[in-house]
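K.L.:
Pasting in a structure now, in structure tokens, and then I'll have a few things to ask.
The values are calculated or read from the model by the stated rules, or taken from the named source; none is laboratory data. Only a predicted model underlies this, so the values are computations on that prediction, with no experimental measurement involved. All Cβ positions, glycine included, derive from the backbone under ideal geometry; neighbour counts span all protein chains shown. Heavy atoms of the whole protein, side chains included, go into the accessibility calculation; ligands, DNA and RNA do not. Shrake-Rupley method; radii C 1.70, N 1.55, O 1.52, S 1.80 Å.
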Amino acid sequence: RCPCATLSHDDFASCIHKAANEISDRGLEGLEDSPAFKKGNNSLPRLEVKNGCGRSQCMAMYGRTLTRPFHDVMTFVQRRHPQVSVFVDIGSGLGIQAMQAAACFGMNSRGVEIMRERSSQANKLFQHFVELLDLDMQEKMAHVSLTWDDFTRAAGPSGDQELLSFLLGGTDNAKGTSAPSLIFCNNAEDVFGPRSRKIGHRSLDQQLAELLC
């Protein structure tokens, strides 16, 4: 077990890989290469999304954000904006960045993922990860929430208010006070852009901008 107030990058990466090995004999690569996990890369199967979700997109391409560059970015953000204590990952996949933001930077972290299997595997990974930590770190990880949903349901004047509060409420549960949020999206190769948009609908980029403005 890792007896730390917060984890270093290397400790976090080691724990994540150990946790993944508890689920798949090929670790993270095995999880990501499974046919069930790849659903969404070229289409959006209806059974993988909640009722009423995914109306504007035709695919949900997965791409892993590497932990080292993410750690460097978060270190920079924390130095420049120390008041930020809530982290939100939109399109959170396996939830690794939400876990990393909490474990390494002490943030109240949230992740939203539209694909059912990815969200399910993320919560399994999270459970195994927490089991590797000491009690103090386990308490810190209680402020991580990974949910299966579609962030676009919160966009627009008639957007779902409960989901909007989850994404942008800015409440630091550890302190019980309002806090500014850091919103993270892996938009590599423009996966939030026109390539994943259904004809006649706004792109995910446009709806994310609407959510934030």
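K.L.:
When you look at Phe126, is it under 25 Å from Gln83 (Cβ atoms) and either open to solvent by less than 50 Å² (accessible area, probe 1.4 Å) or touching a residue at least 24 places away in the same chain (Cβ under 8 Å) (or both), yes or no? Outline the logic, then answer.
P.N.:
On the way: under 25 Å from Gln83 (Cβ atoms): no; either open to solvent by less than 50 Å² (accessible area, probe 1.4 Å) or touching a residue at least 24 places away in the same chain (Cβ under 8 Å) (or both): yes.
Criteria not met by Phe126.
K.L.:
If the requirement is being under 24 Å from Arg197 (Cα atoms), surrounded by fewer than 17 Cβ atoms within 10 Å (Cβ to Cβ) and more than 13 Å from the chain's Cα centre (by Cα), which of these qualifies: Lys50, Lys39?
P.N.:
Values: Lys39 fails: surrounded by fewer than 17 Cβ atoms within 10 Å (Cβ to Cβ).
Lys50 is the lone residue from the list that is under 24 Å from Arg197 (Cα atoms), surrounded by fewer than 17 Cβ atoms within 10 Å (Cβ to Cβ) and more than 13 Å from the chain's Cα centre (by Cα).
K.L.:
Oh, and also: Taking the residues in the stretch 18-31 that are loosely packed, with under 14 Cβ neighbours inside 10 Å and out of contact with any Asp or Glu (no Cβ under 8 Å at 6 or more places or on another chain) as candidates, determine which candidate is nearest to Ala98 (Cα to Cα). So that I can check it myself, show each step before the final result.
P.N.:
Narrowing the stretch 18-31 to residues loosely packed, with under 14 Cβ neighbours inside 10 Å: 25-26, 29.
Next, from what is left, pick out any that are out of contact with any Asp or Glu (no Cβ under 8 Å at 6 or more places or on another chain): 25, 29.
Working: Asp25: 23, Glu29: 19 Å.
Among those that are loosely packed, with under 14 Cβ neighbours inside 10 Å and out of contact with any Asp or Glu (no Cβ under 8 Å at 6 or more places or on another chain), it is Glu29.
K.L.:
Still on this structure: In the set Leu146, Leu94, which member is in a loop (DSSP other than H, G, I, E, B), touching an Asp or Glu at 6+ places or on another chain (Cβ under 9 Å) and closer than 23 Å to Lys38 by Cα?
P.N.:
Leu94
K.L.:
Condition test on Ala154, is it over 24 Å from Thr65 (Cα atoms), crowded, with 16+ Cβ neighbours inside 10 Å and touching a residue at least 40 places away in the same chain (Cβ under 8 Å)? Steps first, answer last, please.
P.N.:
Numbers: over 24 Å from Thr65 (Cα atoms): yes; crowded, with 16+ Cβ neighbours inside 10 Å: yes; touching a residue at least 40 places away in the same chain (Cβ under 8 Å): yes.
Against the criterion (over 24 Å from Thr65 (Cα atoms), crowded, with 16+ Cβ neighbours inside 10 Å and touching a residue at least 40 places away in the same chain (Cβ under 8 Å)), Ala154 qualifies.
K.L.:
Tell me, please, whether a residue that is closer than 28 Å to Arg55 by Cβ, in contact with a Leu (Cβ under 8 Å, 6 or more places away or on another chain), surrounded by fewer than 20 Cβ atoms within 10 Å (Cβ to Cβ) and not hydroxyl-bearing (Ser, Thr, Tyr) can be found in the stretch 97-107. I'd like the intermediate steps shown before the answer.
P.N.:
Going residue by residue through the stretch 97-107, those that are closer than 28 Å to Arg55 by Cβ are 97-98.
Restricting the remaining residues to those that are in contact with a Leu (Cβ under 8 Å, 6 or more places away or on another chain) gives 98.
Of the ones still in play, those that are also surrounded by fewer than 20 Cβ atoms within 10 Å (Cβ to Cβ) are none.
No - not one qualifying residue is present in the stretch 97-107.
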